[in-house]
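Worksheet: the structure to be examined is printed underneath.
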Amino acid sequence: QVQLVESGGGLVQAGGSLRLSCVASGTIFSINTMEWYRQAPGKQRDWVAGITSTFNTMYTDSVKGRFTISRDNAKNTVYLQMNSLKPEDTAVYYCRQLSRGSVSWGRGTQVTVSS
C-alpha cells in the first residue's frame, strides 16, 4: 500500500523559507513522477511543481524562481524548498505521486506565511 507523508510546514514571516519533505513507502519511488499541490482556504487545490523520474522539473508561474523541487531516490523523498515566501503562499501543501497510471496523495502539511 502506497503511503505519502509530508512534513516541514509551519508558520513563517514573509520573506522567509521553509523546506517541505514527502516520504513515500510501498512504491518503487525512483520511477514515479512526484508533484506538490497546494490548497488555500476556500479555494481549489492547485498544482505547484513536479519532478519526473529523469529529474526534469516544472513549476507554476507564481513560484518560479522562489521554489525548488528535488528528489532523493535513496531516501524515497521529494522536497520542496520554498524561499521568499509570501502571504499568498499560505495553504495546505500536498504531495502527489503518479505511478503507472495510478495517483496517490499525502495528507498535507500546513504552511502559513504572515505579513
Selection from the range 45-67 of residues that are more than 15 Å from K86 (Cβ to Cβ), touching a Lys or Arg at 6+ places or on another chain (Cβ under 8 Å) and either touching a residue at least 60 places away in the same chain (Cβ under 8 Å) or surrounded by 15 or more Cβ atoms within 10 Å (Cβ to Cβ) (or both):
R45, I51
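For N76, indicate whether it is more than 20 Å from S114 (Cβ to Cβ), touching a helix residue (DSSP H, G or I) at 6+ places or on another chain (Cβ under 6 Å) and open to solvent by less than 50 Å² (accessible area, probe 1.4 Å).
On the way: more than 20 Å from S114 (Cβ to Cβ): yes; touching a helix residue (DSSP H, G or I) at 6+ places or on another chain (Cβ under 6 Å): yes; open to solvent by less than 50 Å² (accessible area, probe 1.4 Å): yes.
For N76, the condition - more than 20 Å from S114 (Cβ to Cβ), touching a helix residue (DSSP H, G or I) at 6+ places or on another chain (Cβ under 6 Å) and open to solvent by less than 50 Å² (accessible area, probe 1.4 Å) - is met.
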When every residue in the range 6-32 that is in contact with a helix residue (DSSP H, G or I) (Cβ under 8 Å, 6 or more places away or on another chain) and at pLDDT 95 or above is compared, the one nearest to A91 (Cα to Cα) is A14
Within the range 18-38, identify whether any single residue is assigned to a loop (DSSP other than H, G, I, E, B), open to solvent by less than 20 Å² (accessible area, probe 1.4 Å) and of a type outside the set (A, V, I, L, M, F, W, C), and answer yes or no.
yes
Before we move on, is G42 farther than 19 Å from S115 by Cβ and part of a loop (DSSP other than H, G, I, E, B)?
no
Scan the range 1-13 for residues that are in contact with a strand residue (DSSP E or B) (Cβ under 8 Å, 6 or more places away or on another chain) and either polar (S, T, N, Q) or surrounded by 14 or more Cβ atoms within 10 Å (Cβ to Cβ) (or both) and jot them down.
V2, Q3, L4, V5, E6, S7, G8, G9, V12, Q13
Listed by first then second residue, the pairs whose first member lies in the range 79-95 and is within 14 Å of G15 (Cβ to Cβ), whose partner is part of a helix (DSSP H, G or I), with beta carbons under 8 Å and at least 6 positions apart or on separate chains, are M82/V63; M82/D89; E88/S62; D89/V63
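The values are calculated or read from the model by the stated rules, or taken from the named source; none is laboratory data. As the structure is a computational prediction, the values presented were derived from the model and not from experiment. Please note: Cβ atoms are built from the backbone with ideal geometry, for glycine as well, and neighbour counts cover all protein chains shown. Calculation scope for accessible area: heavy atoms of the full protein, side chains included, ligands and nucleic acids excluded. Shrake-Rupley method; radii C 1.70, N 1.55, O 1.52, S 1.80 Å.
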